[in-house]
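Participant: Can you read through this structure? Questions will come right after.
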Amino acid sequence: MIKEVKTQVNVGVEVDVLWKAFGKDLKDILPKMMPNLVKDADMLEGDGGLDTVYLFNFGPGLKTMTYQKERVTEFDEFVHRIGLEVIEGGHLNHGFSHYKTTFQLTSTGEQETLIDVAISYESQVEEDTIPSNSASSTLVFIKHMENYLMNGAT
């Protein structure tokens, strides 16, 4: 049975700048903004839009995972919604048969965006603390991205 964890956060970055960072620029930005966690990122298929496949190789700051492949399963530029589903490695090596994170970006002001995050997952193990920890980790990731973008990165 697929379960879901939701959270949200406001950031001080314009929605279009944030959308570009989540989409087409993700592979370039991630290693720069979190080098201890993401050693490098490659776009294996696609152009950053729907059905793009990313390979994220994790750095020394992430002890439990070495890599993760993710496919863009939702990509709607009009409503600023992107969904990334793990297709190999990462969470799938830790008892999950399904793991997807969806980001919905909504402009709340000239330089402000509300990000709604939904993590859907199916676990083969009894202990389901990873999704709630992942929600916290996702918020940390978003704050790193906000700081990176606010400090002049493009």
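The values are calculated or read from the model by the stated rules, or taken from the named source; none is laboratory data. These numbers were taken from a predicted model, which means no experiment stands behind them. In this analysis, Cβ positions are derived from the backbone assuming ideal geometry, glycine residues included, and neighbour counts consider all displayed protein chains. Quick note on the areas: whole protein, heavy atoms, side chains included, nothing else; ligands and nucleic acids left out. Shrake-Rupley method; radii C 1.70, N 1.55, O 1.52, S 1.80 Å.
Participant: Ranked by accessible surface with a 1.4 Å probe, highest first, in what order do Thr138, Thr64, Thr106 come?
Facilitator: Thr64, Thr106, Thr138
Participant: Label points 7 Å out from Cα along the Cβ direction at Lys32 and Thr73: separation in nm?
Facilitator: That separation, rounded to one decimal, is 3.0 nm.
Participant: Kindly report, to the nearest 10 Å², the accessible surface of Thr7 as traced by a 1.4 Å probe over protein heavy atoms only.
Facilitator: 40
Participant: While we're looking at this one, here's another question. Provide Met43, Met1 ordered by accessible surface of protein heavy atoms (probe 1.4 Å), highest first.
Facilitator: Solvent-accessible surface, decreasing: Met1, Met43.
Participant: Moving on. Based solely on its DSSP helices, what 222 nm [θ] is calculated for the chain when runs of n ≥ 4 H residues each add -39,500 (n - 2.57) and the sum is averaged over all residues, nearest 500 deg cm²/dmol?
Facilitator: That comes out to -8000 deg cm²/dmol.
Participant: Next question. For Asp16, what accessible surface area do you get with a 1.4 Å probe? Give it in Å², rounded to 10.
Facilitator: Number for this one is 90 Å².
Participant: Hey, another quick one. Assuming 0.36 nm per residue, please report the length gained on full extension of the stretch Asp47 to Ile87 beyond their Cα-Cα distance.
Facilitator: 12.6 nm
Participant: What is the Cα radius of gyration of the chain over 2.2 N^0.38 Å, N being its residue count?
Facilitator: Taking N as the residue count of the chain, the ratio is 0.99.
Participant: Quick one: how many lysine pairs in region 1-116 have C-alpha atoms under 13 angstrom apart, if they're 8 or more apart or on different chains?
Facilitator: Close lysine pairs found across region 1-116: 6.
Participant: So if R0 is 35 Å, what FRET efficiency would Met150 and Gln124 give, r being the distance between their Cβ atoms, rounded to the nearest 0.05?
Facilitator: So, using R0 = 35 Å, E works out to roughly 0.30.
Participant: Classify region 56-103: rounded, prolate or oblate, from the alpha-carbon gyration tensor (a ≥ b ≥ c, eigenvalue square roots; a/c under 1.5 rounded; otherwise prolate if a/b is larger than b/c)?
Facilitator: Prolate is the answer for region 56-103, as a/c is 1.5 or above and a/b outweighs b/c.
Participant: Then there's this: Give a quick list of GluC sites (Glu not before Pro) in region 39-112 that DSSP marks as loop, anything other than H, G, I, E or B, with at most 13 other Cβ atoms within 10 Å.
Facilitator: Here the GluC sites (Glu not before Pro) that fit, given the DSSP loop and packing criteria, are Glu77, Glu110.
Participant: Could you compute how much accessible surface Tyr148 exposes when probed at 1.4 Å, giving the result in Å² to the nearest 10?
Facilitator: 50
Participant: Now, a different point. Can you bin region 16-67 into rounded, prolate or oblate? Criterion: square roots of the alpha carbon gyration tensor eigenvalues sorted a ≥ b ≥ c, rounded for a/c under 1.5, prolate for a/b above b/c, oblate for the rest.
Facilitator: The shape class here is oblate.
Participant: A follow-up question, please. At what distance in angstrom do the alpha carbon centres of region 63-115 and region 13-60 lie from each other?
Facilitator: Cα centres, region 63-115 to region 13-60: 11 Å.
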